[in-house]
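Encoded as structure tokens, the structure appears first; notes follow it.
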């Protein structure tokens, strides 16, 4: 059933890995026919201790069901339920807190209807997951429980159209959508191009290009960010490496009060070692820095999230145990800040749940 979820995600060309102690299966490695329909779920909760911050916090991370039509010329998928986006360096809040988590993208966070005329082409419309980065939004989709800081700068879900093409070693996706969930206030061109020279190597380049005057919203305070993502997925036996580089630039906009163009650079390395089908160890190390000075007063000077001129280095270590459909894992994370308006952070966060 997990593979059916991964297949549904691939219809929307999401580049992100699955949260598993074993490598995600190749689209051509399935020994059984693809089911016409699949019904899948992820239910989990987490508890955390953060310093500085709450010494004990518990919350729902996923309470989600997904229905997918996997075959035929007309396909589709819909996911319903509650969810949380726990992120290193940021406060933890309830899954249903106003202006956060489930209330950002709604109780139906992703849905799409797809036209698949042949094995090479897919045309999708709906609320689609981002093409950017090596991490997805929901905790069950990723090798770490918490999202990284570089993930916070990227799009998460966008509403629009997407055309995907796959032919052997090459793939390409172009989308026209509302970027950082900007609705009618701003449209964006989004794309992802990939080259997989071997079964174990996949190079990808992704981009998001919204309009310069796109206003911010509750999901992104600066929503005119143009982003360029360089990604590699590499498998060495039981080791999976997922490095990527994110370049961010926010153009000047007199309408938005952005007096000058600003930029930031994010570097991240994710790695996962599968000891067996049940045990795994994931690691994420990242660095994310504004190019602005601490004295910069432009309203778009902070693209990292901790003030103009700020930066951060983070690491996260996540051991995982998956007995059958159940999973237990723990994040040990640290965030070291530079020129920031808040303090450094350490956190221990454990998650328990079931996938089917």
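Quick note: the coordinates plus some simple rules give every number you see, no bench work behind them. Worth saying up front: this structure is predicted, and the values here are computed from it rather than measured. Here the Cβ positions follow ideal geometry from the backbone for every residue, glycine too, while neighbour counts run over all protein chains shown.
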Next item on the list: Using the 2.2 N^0.38 Å rule of thumb for compact globular proteins, work out how the range 250-356 stacks up: its C-alpha Rg over that value, please.
Entry: 1.44
Notebook entry, point to check: For the pair residue 165 and residue 39, how long in nm is the line joining their label points, each one 7 Å along Cα→Cβ?
Noted result: 3.9 nm
Check: How many angstrom lie between the C-alpha centres of the range 178-239 and the range 37-63?
Finding: 26 Å
Next item on the list: Classify the range 210-270 as rounded, prolate or oblate from the Cα gyration tensor: take a ≥ b ≥ c as the square roots of its eigenvalues, call it rounded if a/c is under 1.5, otherwise prolate when a/b beats b/c and oblate if not.
Entry: prolate
Check: How much length is gained if the chain between residue 275 and residue 195 is pulled fully straight, taking 0.36 nm per residue apart and subtracting their Cα-Cα distance, in nm to one decimal?
Finding: 26.0 nm
Check: Roughly how large, in nm² to one decimal, is the mean projection of the convex hull of the alpha-carbon atoms in the range 288-337?
Finding: 4.7 nm²
Check: So between residue 96 and residue 283, what do we pick up on full extension, going 0.36 nm a residue minus the alpha carbon distance?
Finding: 64.5 nm
Next item on the list: Taking the Cβ of each residue in 331, 177 as the centre, tally the other Cβ atoms inside 10 Å and list the residues starting with the fewest.
Entry: 331, 177
Notebook entry, point to check: Simple spin-label model, 7 Å along Cα-to-Cβ: residue 115 to residue 338 in nm?
Noted result: 4.9 nm
Item checked: For the range 279-316 and the range 94-161, distance of Cα centres in Å -> 22 Å
Margin query: Test of understanding: ordering 147, 159, 322 by Cβ neighbours within 10 Å, fewest first, what list do you get?
Written below: 159, 322, 147
Checklist line | Packing-based exposure ordering (other Cβ within 10 Å, fewest first) of 227, 154 | finding: 154, 227
Margin query: At 222 nm, what value in deg cm²/dmol follows for the chain if DSSP H runs of at least 4 each add -39500 (n - 2.57) and the sum is divided by all its residues, to the nearest 500?
Written below: -1000 deg cm²/dmol
Notebook entry, point to check: Could you give the semi-axes, largest first, of the ellipsoid that matches the range 2-355, computed as the square roots of 5 times the alpha carbon gyration tensor eigenvalues and rounded to whole Å?
Noted result: 30, 25, 19
